[in-house]
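Worksheet: one structure, shown below.
The values are calculated or read from the model by the stated rules, or taken from the named source; none is laboratory data. Not measured: the values here are computed from a predicted model. Using ideal geometry, Cβ is built from the backbone for each residue, glycine included, and neighbour counts are taken over all protein chains shown. Side chains are part of the model used for accessible areas, which takes the heavy atoms of the whole protein and leaves out ligands, DNA and RNA. Shrake-Rupley method; radii C 1.70, N 1.55, O 1.52, S 1.80 Å.
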Amino acid sequence: MKYTYRSTLFAALVATAVCAPALAGEVLVSAAKLLDVRSGKMINDPQVLIRDGRIVAIGQGAAAFTPGPSTTRVDLPGLTLLPGLIDMHVHLDSDPSYGGYTGLEYGDRFWSVLTVPHAGKTLDAGFTTVRNVGADAWNDVGLRQAISEGKVRGPRVVTASYAFGATGGHCDSTFFPPSMKQSSPYNADSPEQGRKMVRELRKYGAQVIKICATGGVFSRNTEPGQQQLSLAEMKAIAEEAHQWGLQVAAHAHGASGIKDAIRAGVNTIEHASLIDDEGIALAKKYGAWLSMDIYNTEYTQAEGKKNGTLEDNLRKDREVADAQREGFRRAHAAGVKMVYGTDAGVYPHGDNARQFAWMVKYGMTPLQAIQAATLNASEALASKDVGVIEVGRFGDMVAVAGDPTRDVTLLENVAVVIKNGDVVLNKVAPAAAKP
């Protein structure tokens, strides 16, 4: 996808910035360079003025603004600014250290508590927005509220609450015998039940609907290629969600489930491991986004056995890994819309940026991989608040030492993280100060 550099727009912003007064509570961020993710061009000597958490003006050169006595300056000499990164597929109440049945040693609230350090690690990795596509016990909703209230450090969290699917499918509880009567409270086995699940989940805090269209890797008695929701069921769910202004994400490994999810109007296809040429063509036709987690098998195969992950789950992970990566290559080459989604929680939180290099390895340029985690992700979220450094959006930025469009692995070690204009991580730069 190509983006046209809006030189006239930037010139207008600079002209506006020169006249912009500095007010109390303002933050002025300067750096050596700024990556315009729309055009892919680097802007020298950027100045970004943030007021009440949002960007109000962008200038160029030290004379662009005259800071007032109450303006906090964040000077980042030698660093490159990018928008805060977005991970479209995380599970903040999951920890890969516990695989198979090992997590049963701990109580239900153990996982709620773990969301707090996981959120902090994610933010410190430069991901200022995440989409949590599946959690137990409303853990992600509670976390989102705590972050919003300033009680906990973390990114902005778009919450799905419970992911749901068919009885006995990937989103159900599949590891226990009948005597234990374990099942998800949100199974849906008809179009009508699917509609009801959407309404109830939205009622209690879901901001996106997550369904399981196919079997999965880390469930028992399901295979990734199996379709587990019908076209009629997915269509009803998508229609209901869209009526309420919610988007739908579908866990879909298998080719038939991917295609029916796209036909049903699902917005993002998660994993898409076994996508075929027809599925790629349908994704282009319908404008569906693919969120393909092509790094995490490296962790699972290296560490899964010692973490207790069952051999059957490791087997499924091995079987889909190469197919998914080649599907990613083919879909990208065909021009399908792609977003950055890692499935963090399957591998450690805070390592989210390790996927960038794998996206480049399988066909993207570094810029395209960055756009997947910024501009593209914001469009897939239908958000004009995040993903781009421009007037009106939140003051969310990261800074790295060097040019990530030449070496995308720089994003694995961000130097500075800014959220809402506040410096929340500072590894190398001088502390923010008032003149």
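Take the residues in the stretch 98-140 that are aliphatic (A, V, I, L, M), in contact with a helix residue (DSSP H, G or I) (Cβ under 8 Å, 6 or more places away or on another chain) and in a helix (DSSP H, G or I); name whichever of them is least open to solvent (accessible area, probe 1.4 Å). So the residue we want is ALA119.
Considering the stretch 301-327, the residues that are among the basic types (Lys, Arg) and farther than 13 Å from ARG220 by Cα include one that is most open to solvent (accessible area, probe 1.4 Å), namely LYS305.
Taken over the stretch 389-417, the criterion of being assigned to a strand (DSSP E or B) and more than 17 Å from the chain's Cα centre (by Cα) is satisfied by ALA399, VAL400, VAL416. The set of residues in the stretch 247-273 being assigned to a loop (DSSP other than H, G, I, E, B), more than 18 Å from TYR340 (Cα to Cα) and open to solvent by 20 Å² or more (accessible area, probe 1.4 Å) consists of GLY265 alone. Residue pairs whose Cβ atoms lie under 7 Å apart, sitting 6 or more positions apart in sequence or on different chains, and linking a residue in the stretch 172-184 that is closer than 25 Å to LYS210 by Cβ to a partner that is among the acidic types (Asp, Glu), are SER183/ASP172; SER184/ASP172. Among the numbered conditions (1) over 23 Å from ALA377 (Cβ atoms); (2) of a type in the set (Ser, Thr, Tyr); (3) assigned to a loop (DSSP other than H, G, I, E, B), the only one that SER30 does not meet is (3). Checked against the criterion of being surrounded by 24 or more Cβ atoms within 10 Å (Cβ to Cβ) and basic (Lys, Arg), the stretch 212-228 has no qualifying residue.
Within the stretch 378-388, being under 14 Å from the mean Cα position of the chain (by Cα) and either small (Gly, Ala, Ser) or under 20 Å from THR365 (Cα atoms) (or both) holds for SER378, GLU379, ALA380, ALA382, SER383, GLY387.
Looking across the stretch 282-325 at every residue that is aromatic (Phe, Trp, Tyr) and not in a helix (DSSP H, G or I), the one that is farthest from GLY254 (Cα to Cα) is identified as TYR295. Screening ALA288, ALA272, ALA255, ALA250 for residues that are at pLDDT 95 or above and either over 20 Å from the mean Cα position of the chain (by Cα) or of a type outside the set (A, V, I, L, M, F, W, C) (or both) leaves exactly one candidate, ALA255. When the test is whether a residue is under 19 Å from GLY345 (Cα atoms) and either touching a residue at least 24 places away in the same chain (Cβ under 8 Å) or not in a loop (DSSP other than H, G, I, E, B) (or both), SER219 passes it.
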